[in-house]
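Here's the structure, in structure tokens; my notes come after.
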Amino acid sequence: MRIWVSTAITTVVVVLFGAASFATDGFGMFPHEYDLRTEITGTGKAARIDLTWPGQVGSKPSSGDLPWSARARTGFGFFTLLATGVPEDATCRLLVDGREVVRSTVRGGELSCEYSVQDEKDAR
């Protein structure tokens, strides 16, 4: 009888813990979404900006006046930004859910920010 009660209590605890875990993160079956914001600061223009968000295949090149920014809501994956023809005072940065995770400066007229958004390190 004692073994049965102990087993029953253990089963209830495991079931309740599992239900709570599933309700909060789905055991990883439902990936977290992130608010990503990228910025290029500085003065002048960027001749070309190639931006790829996590889950996106290829980039859509653009150009623009600085400062420049873009925002997306995405899941985990690789983020890349490459800007060419930018002034020497330019910097790029990426914020994940409002937290800066990458900052980079110009090298030879190019600016590059790369980051791997991952559930383990970026979920709050």
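Results, tabulated for the structure shown:
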| item | result |
| --- | --- |
| Checking S104 against (1) of a type outside the set (V, I, T); (2) assigned to a strand (DSSP E or B); (3) exposed (fewer than 14 other Cβ atoms within 10 Å of the Cβ), the condition it does not meet | (3) |
| Qualifying residue in the stretch 37-45 (condition: under 16 Å from the mean Cα position of the chain (by Cα), polar (S, T, N, Q) and at pLDDT 90 or above) | yes |
| Top-ranked residue in the stretch 75-92 [being more than 17 Å from V102 (Cα to Cα) and surrounded by 13 or more Cβ atoms within 10 Å (Cβ to Cβ); ranked as modelled with the lowest pLDDT] | G75 |
| Members of the stretch 46-63 that are part of a strand (DSSP E or B) and within 10 Å of A83 (Cα to Cα) | A46, A47, R48, I49, D50, L51, S62, S63 |
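The values are calculated or read from the model by the stated rules, or taken from the named source; none is laboratory data. Remember, predicted model here, so these are calculated numbers, not experimental data. Cβ: placed from backbone, ideal geometry, glycine included. Neighbour counts: every protein chain shown.
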